[in-house]
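Working notes, structure below.
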């Protein structure tokens with residue numbers, strides 16, 4: 001699931017899906033792309049993003065939940081604010 005300005009997008013987890021994501025991100029000025037690490041499942045995507053010079057941040061989901069609780073907001077709300 002990708003959140004771009006409040007819109008969801010589902011992509012395949014393969015080179016075609018990663019390329020589609022990178023094409024979709026091309027229109028944005030990004031400081032970094034944040035994603036949740038999944039026991040190595042994200043490694044291919046990270047390599048694809050780094051190959052086109054995008055900065056990548058792995059976001060610990062527990063820390064995101066703690067950050068959301070501290071601000072009395074849901075993790076999804078915080079994630080959309082970070083997007």
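Rule-based calculations on the coordinates, nothing more; no lab input. Since this is a predicted model, take the numbers as computed values, not measurements. Reconstructed Cβ throughout: ideal geometry from the backbone, glycine too, with neighbour counts over all protein chains shown.
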Exercise. At what distance in nm do the modelled label points of residue 29 and residue 55 sit from each other, each positioned 7 Å from its Cα along Cα→Cβ?
Worked result: 1.4
For this session: Using just the alpha carbons, could you tell me how many Å³ per residue the convex hull of the range 2-82 encloses?
Result: 94
